[in-house]
């Protein structure tokens with residue numbers, strides 16, 4: 001107890017001695033309002049002695065704002081503002097504005113206050129102590145840099161300088177990794193006799209000048225017990241101008257002297273002391289000695305730890321520290337790799353590791369073990385068992401939770417990853433690291449390797465067996481399919497003459513095959529003069545479950561066989577994007593069927609007359625053009641000119657791309673220059689040309705008449721004959737459209753639609769020309785297309801024929 005009191009009195013005396021190693025300049029250089037600094041011009045404000053400067057200093061590719069010690073051979077930075085910001089360009093400025101604010105302005109115009117104070121400054125000064133201060137009108141200090149230290153504190157002759165709770169991370173002035181204040185404080189405590197790992201964490205009741213975490217106690221909690229007991233008080237780190245580095249409590253009573261320098265210098269020598277939390281996590285005290293105007297030198301007076309490997313966490317996870325003094329290096333444990341080769345202090349990782357156990361029997365991946373002597377780390381083991389050394393190694397390999405084992409004094413200690421605080425030192429211990437690297441020099445686990453090989457062999461056997469069975473099934477299927485095709489081709493040759501079969505290439509189907517595909521012809525799509533169309537599903541080529549439409553021809557009369565062959569020959573040779581594709585046929589006695597592609601969106605009649613919402617105008621214009629191109633192909637471009645003879649919305653099919661996309665015409669078998677009687681076909685009421693009633697020669701102009709009726713239906717989205725209308729004039733569509741055209745009221749046809757009136761007028765005029773009674777007045781299909789596209793002028797049409805057939 002007496003030794004403690006003597007230490008306390010001696011330290012108090014040292015604080016009170018007014019012998020100053022640095023000359024005391026009583027006159028400070030005042031910086032007036034309106035002063036400004038810039039990296040490219042006036043860069044700094046100097047202290048009276050010229051040893052300290054405040055302003056812009058080079059950092060990286062730009063500049064930072066701070067305070068530095070003007071030293072040789074290079075300046076020493078002791079304080080930095082905005083330390084987390086990136087360097088600024090040479091166009092930034094620092095202004096002590098005329099309204100009393102210290103502002104930092106970036107090149108882009110952003111303003112940030114360097115000193116956040118409630119009162120306005122009247123002047124500023126860079127003091128010889130290294131403290132930059134702001135004064136009010138009464139010369140009172142309203143802000144000072146000593147209140148906000150970073151990684152450095154300087155000796156202060158007035159109140160001494162203390163580290164504050166703002167000191168969280170060591171600055172990057174020197175190379176190395178940043179250290180948290182907790183970690184640094186732990187190391188300071190370890191180097192000064194304070195117990196590591198004890199003491200409160202926080203800072204709610206700590207003053208601004210207290211050091212963060214380990215040296216700050218919350219109100220009502222016990223502080224540290226060192227050379228002098230403290231209870232319920234904050235512990236602070238203090239440095240005065242003579243170089244006395246000590247720990248003091250909240251009442252400014254010294255509880256421990258870390259460094260007590262006795263050298264005070266002479267008249268021609270100026271000494272400035274600087275304590276720094278270095279980038280390696282060690283607290284160090286330096287003295288800067290200026291010998292007049294001749295030279296200067298820097299001396300490390302004291303270090304809290306003499307060995308970097310003593311710093312807790314000097315090396316990161318899964319790595320260990322090797323070396324002595326201040327030249328230590330970090331290395332990875334076997335099987336691990338550096339997180340960053342440029343910064344090895346960040347630790348290492350195992351790229352093969354997985355969380356948890358992969359199975360109840362242990363790891364699935366083969367492991368190896370690497371031994372390393374004289375290694376230790378700071379974690380606690382999850383298992384401690386006294387055993388032999390070889391048993392310890394095997395125990396870790398068989399345990400999926402074990403990342404490393406340490407055999408020490410006959411005890412096997414097993415650890416989970418990651419490992420921390422690793423260090424190599426002289427110990428009678430050996431460490432075993434589980435390693436998944438593919439190296440023959442590692443000792444493998446035979447049991448795990450054998451289990452893995454068995455599983456691989458089993459997987460390969462099952463895979464090869466499954467492939468062989470699949471190939472056998474495919475071969476059998478192909479054989480029976482080939483025999484069935486041969487059978488049906490032979491049957492076809494008995495019903496169809498050779499000349500007819502050579503005219504086209506289509507697939508032959510059996511009647512049973514199509515009956516099964518259509519589920520017994522249960523789903524009828526439409527019914528026409530030659531038979532009905534049914535929906536079905538069939539595998540064709542590489543497409544499985546392809547949806548088809550099967551047309552069953554039933555009414556042939558005496559020449560039905562010839563008509564069927566003619567239709568197949570003609571349709572089989574047609575190839576156009578707007579014609580439904582014929583896929584195949586069936587001929588079995590009197591049973592004759594055609595197989596077409598199925599159009600998924602139904603017919604044009606469904607789209608125009610049954611849909612809840614009208615198709616868009618642009619879609620209807622496009623549909624009209626697509627139908628016209630399909631008809632033109634049948635009339636002029638295919639090898640055998642074909643007349644459809646039954647054009648109506650029900651025979652215009654829509655595929656899955658056709659809502660304003662592709663529209664498909666179902667081709668027919670009729671050829672030009674025949675009469676209705678010779679064709680054996682009855683036209684559809686409302687769409688048949690007048691020549692049908694007269695039993696005159698039928699030409700392609702009959703299709704053009706039907707197209708004209710459909711074109712007007714596409715424009716108005718209503719049927720040719722509609723009884724549910726507001727006036728009698730609207731019953732027959734052709735008559736109503738012509739009347740609206742004559743009086744200039746075409747907008748009545750498309751009420752409340754966003755329609756291009758020029759296109760509307762063009763389509764109406766084309767439709768009226770197509771339904772003229774005289775076939776000679778009807779334009780050919782090529783001209784119809786040109787008029788719809790707007791590339792051919794259209795004359796005013798006369799009154800059309802009105803056919804009710």
Tail fraction, Cα-Cα pairs, the range 712-789, threshold 22 Å, whole percent | 24 percent
Convex hull volume per residue for the range 30-148, taking Cα atoms only, in Å³ = 107 Å³
At a temperature of 25 °C and a viscosity of 0.890 mPa s, determine how fast the range 27-99 diffuses translationally according to Stokes-Einstein, using the Kirkwood radius over alpha-carbon pairs as Rh; express D in µm²/s, rounded to the nearest whole number.
-> 190 µm²/s
List 586, 770, 469, 717 from most exposed to least, where exposure is judged by having the fewest other Cβ atoms within 10 Å.
-> 469, 717, 586, 770
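Read the figures in this text as sums done on the coordinates, not as results from a lab. Predicted model, so just to flag it, every value in this text is computed and none were measured. Virtual Cβ from ideal backbone geometry, glycine too; neighbours counted across all protein chains shown.
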